[in-house]
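The values are calculated or read from the model by the stated rules, or taken from the named source; none is laboratory data. Keep in mind it's a predicted model, so treat the numbers as computed, not measured. Backbone-built Cβ (ideal geometry, glycine too); neighbour counts: all protein chains shown. In case anyone asks, the SASA skips ligands and DNA or RNA and just uses the protein heavy atoms, side chains included. Shrake-Rupley method; radii C 1.70, N 1.55, O 1.52, S 1.80 Å.
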Amino acid sequence: MSNSYILSIETATNLCSVSLSNHGQNLFSVVGNEPNLHATKLTVFIQELMEKAGMSLDQLSAVAVSMGPGSYTGLRIGVSTAKGLCYALDIPLIANNTLEALKDGFIAKNPQSKDKVLLLPMIDARRREVYTAIFHADGSLYKETEALIIDEHTFDAYLNEGYRLILFGSGADKFIPTFEHNDKIQVVAQFDSIANYQDEVSYKKFVGQKFEDVAYFEPFYLKDFVATTPKKSPLL
């Protein structure tokens, strides 16, 4: 079988990462641990990744990108870069829901054996708000993606039905104090979105030819970008 090299890009959160896979198996990854590196480091990371692999960009079969929800600026940079590569190389574009990829990555590392478990990948928004979706322990979708403001009673209905909840992702860490005394809600800290979580699903979409229209594809922002104006200093 011929090679199917896919470059995956993840810029939906503060982290910036890229990965290279073949037939859905990860070969190499580059992850920036400092926040907000997308504008300055994404193309550098891609070059570094290809050098690690000893390959050139024209050997790629497709480019996959995390489509959101997530950071408006990060998504715009990631999708623009992915589209530019697809145009230049004349290869297909694959888009993956950020929360679904995050869920896949979590299950791969933390398989769940209990039926009454709900998985909630979370991407940080503002203050107590996150972008999230809810999945069963087997990875199947329970509730669609939404923006959600969370307090200690947000998940009472699920708990009353006998579910145990696992929260993870860049938006989950801030709720550790909220749920630290609730033994039915587990917050897994420091489990962020990285590019290689897309590897397997990207290959499945490649085989099924589930490609995006490079000219018209846009990120899934979920919410419109809101520019903020710094408050005037009382001394001015």
Practice problem: Pick out the one residue from S71, S29 that is under 27 Å from A215 (Cβ atoms) and hydroxyl-bearing (S, T, Y). | Solution: S71
Quiz item: For the stretch 98-109, which residues satisfy the criterion of being open to solvent by 30 Å² or more (accessible area, probe 1.4 Å) and out of contact with any helix residue (DSSP H, G or I) (no Cβ under 9 Å at 6 or more places or on another chain)?
Solution: I107, K109
Quiz item: Among the candidates A12, A53, A95, which residue alone is crowded, with 24+ Cβ neighbours inside 10 Å and either closer than 22 Å to D213 by Cβ or at pLDDT 95 or above (or both)?
Solution: A12
Quiz item: Checking T40 against (1) buried (at least 24 other Cβ atoms within 10 Å of the Cβ); (2) farther than 24 Å from K210 by Cα, which single condition isn't satisfied?
Solution: (1)
Quiz prompt | In the stretch 110-135, residue most open to solvent (accessible area, probe 1.4 Å) [restricted to those that are among the small types (G, A, S) and out of contact with any helix residue (DSSP H, G or I) (no Cβ under 8 Å at 6 or more places or on another chain)] | solution = S113
Practice problem: Could you check the stretch 90-191 for strands (runs of 3 or more DSSP E) lying wholly inside it with 3 or more residues that are in contact with a Lys or Arg (Cβ under 8 Å, 6 or more places away or on another chain) and either free of Cβ contacts under 8 Å to residues at least 12 places away in the same chain or of a type in the set (A, V, I, L, M) (or both)? | Solution: 117-124
Practice problem: Within the stretch 175-215, track down each residue that is within 30 Å of D90 (Cα to Cα), of a type in the set (G, A, S) and surrounded by fewer than 13 Cβ atoms within 10 Å (Cβ to Cβ). | Solution: G208, A215
